[in-house]
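Here the structure is laid out as structure tokens; the discussion comes afterwards.
Read-outs: derived from the displayed coordinates by stated rules, not from any lab. As the structure is a prediction and not an experimental result, all values here were calculated from the model. Virtual Cβ from ideal backbone geometry, glycine too; neighbours counted across all protein chains shown.
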Amino acid sequence: MLEKLDYKNNHHYLLIEGNFKDSNESFFYISQKQVFHVTFVKVGKQVEEWIRKLIIVDGMDEFFISEVEFKYVSNYKTMGGARNFISKQLDYLKYKDIINEHIKSINDLSKFKTKTGRNYDFDSPF
């Protein structure tokens, strides 16, 4: 049965997870608790994945990508395989505004302190 809508107390909640490409060789990895920028780089005869954190400055709409935090050898043997994987991901620019809001909300959660006084980083691998 239809009822009167309580639209003033109806807040949006979006769950965003996945990979969003921003170029042919890089993408944003987004989960509920973590966001990283991943770039595939050819080094010698192997392909490496370079992981960067996002830097969010309060009061700014945009975020910055840090220097490389972590590198490891990719499961992809060629850049063609990595580019093929990235080509199948959603385009970051189409969802930029929603993704940026999600990233800011993750950043706000990460400001909580643990008992030791350190920032809680939601099980970051670094």
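Miscellaneous remarks
- Cα-based convex hull, region 18-104, per residue volume (Å³, whole number): 93
- Given their separation in residues at 0.36 nm each and the Cα-Cα distance between them, residue 70 and residue 93 gain 5.8 nm when the chain is fully extended.
- Summarising the label geometry, the points placed 7 Å from Cα in the beta-carbon direction at residue 46 and residue 4 lie 6.7 nm from one another.
- Antiparallel bridges, percent of DSSP beta bridges restricted to region 18-104 (to nearest 5): 95
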